[in-house]
Amino acid sequence: MLAEIKGLNEECGVFGIWGHEKAAEVAYYGLHALQHRGQEGAGIVTSDGESLHLHKGNGLINEVFQQDEFSRLRGNAALGHVRYATQGGGGYENVQPLVFRSQKESMALAHNGNLVNAYALKHQLEAQGSILQTTSDTEVLAHLIKRSGHLRMEEAIIQALSMIKGAYAFSILTENKLYVALDPRGLRPLSLGILGGAYVVSSETCAFDVIGASYLREIKPGELLIIDDHGVSSRTFASPLNRTLCSMEYVYFSRPDSDLNGKNVHASRKTMGKELAKEAPVEADVVTGVPDSSISAAIGYSEASGIPYELGLIKNRYVGRTFIQPSQELREQGVKMKLSAVRGIVDGKRVVMVDDSIVRGTTSKRIVRMLKEAGATEVHVRIASPPIENPCYYGIDTSTKGELIASSHSVEEIRELIGADSLSYLTTEGLENAIVAGENSAEYGICNACFTGNYPTEIYPETALPATKA
């Protein structure tokens, strides 16, 4: 479903490339493929072997970058980032990559995830004399690295990584190397590819297809990759733990043409829909999905149930951002601007509306009403994930239970609130069957904490504080 109207957002996307004469331009196209992971800020930093060159700004990638910027982004290595502000809020200073310059060796950092012990580390760093320039937890790693000034960069990074906890896919660019690290549980996705003689890393494999790169493999949990003119080397900085890749990457965040843990996202979502049809059948005339991330699950539901799939909801792809301060009435109109019901498909029909999740319930209520206003006689809502009852502390902007309707309402109460004729969610078992059935759980496990409350890492009391939003 549309992130803008749903209020569930990933923190960011990371893209890096080493060994390409048009590194900045390739990074630009790679970030375009990752734009769905963050629309509030974008940046690219390049290395020419002697200096780092940065351009970043607030907005979409094509708003931040114009043709003349690329002449200043010299070098055959680049690191890019698209951002949605969660931990630390917005603001230009928080747009990544973050660049830290020094006489010995400068570095740029880009990060996807969230550090659960960032507050404690910031307190410790400030007590030792560090002056933090941003409110992002990403800056913590830079300070930890620089405090180990007597060590080689590689060793300093490993020492710093041993002190941080939580979800992270880090990329670090210096004048002479690109470093890539994934947390020991592999909570966030990160993959390695090759483009001619250049190596590329990306939060999602869909970026490889866009730039014409070939997929090599995923970065392993607890692994540090070092990429330079001699090729790629690998070190293990922490013993890998049972993998817990964020299940919402499969449910909602990742593009359907990406592969995660060796599984195609579209195929996984179709299987979620099939599992949902088995668990929650209903008599109906048509199945429709809420664009875009729910289309795959709706197709799966249709195939398993035998109820025909129809395009009952249309997404308007040309809605720009507005400076109007929305009243409740204008919010209702905003949903209709971004999403429309197809009267000729749903009029007089019993409709199964498949969506990927319900966060606060307000948008589901508006869409159910929209379908009924278009003539649907019944609207049966089927959700291709379990109820989101618990906040995420690993890089998704649901930091308090109060934001989540399922934390305080039963399924029947939610059904009444959204005005559906029936409501069913996919069970946790059904979700796991769709994603990791038959796989080695140590390598292919998923994080279900937002559904179950079973967090794969320690959660610090200050971690549960609401994220600061700009």
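Just a few scattered comments:
- Selection from S102, G289, V201 lying farthest towards where the dipole of the chain points positive, charges on Cβ: S102
- Working from Cα pairs under 8 Å separated by at least six residues, relative contact order for region 345-408 is 38 percent.
- Helix-only [θ]222 nm of the chain, DSSP H runs n ≥ 4, -39500 (n - 2.57) each, per residue, nearest 500: -7500 deg cm²/dmol
- Quotient of the Cα radius of gyration of region 215-315 and 2.2 N^0.38 Å, N being its number of residues: 1.47.
- Basic side chains Lys and Arg get +1 at the Cβ, acidic Asp and Glu get -1 at the Cβ, and with that the dipole of the chain about its Cα centre reaches some 400 debye.
- Seen from L173, the other residues with C-beta closer than 12 Å to its C-beta sum to a net charge of -3, counting Lys and Arg as +1 and Asp and Glu as -1.
- The chain - percent of accessible surface contributed by carbon and sulfur, probe 1.4 Å: 49
- The residues of the chain expose on average 40 square angstrom of accessible surface per residue, using a 1.4 Å probe on protein heavy atoms.
- Taking all protein chains as shown and a probe of 1.4 angstrom, S234 keeps an accessible surface of around 70 Å².
- Take every pair of alpha-carbon atoms less than 8 Å apart whose residues are at least six positions apart; their mean separation over the length of the chain yields a relative contact order of 15 percent.
- For F65, neighbours were defined as the other residues whose beta-carbon sits under 13 Å from its Cβ, and their charges (Lys and Arg +1, Asp and Glu -1) total -2.
The values are calculated or read from the model by the stated rules, or taken from the named source; none is laboratory data. Because the structure is predicted, anything quoted here is derived from the model rather than measured. Here the Cβ is made from the backbone with ideal geometry for all residues, glycine too, and neighbour counts use every protein chain on show. Only protein heavy atoms, including side chains, enter the accessible area calculation; ligands, DNA and RNA are left aside. Shrake-Rupley method; radii C 1.70, N 1.55, O 1.52, S 1.80 Å.
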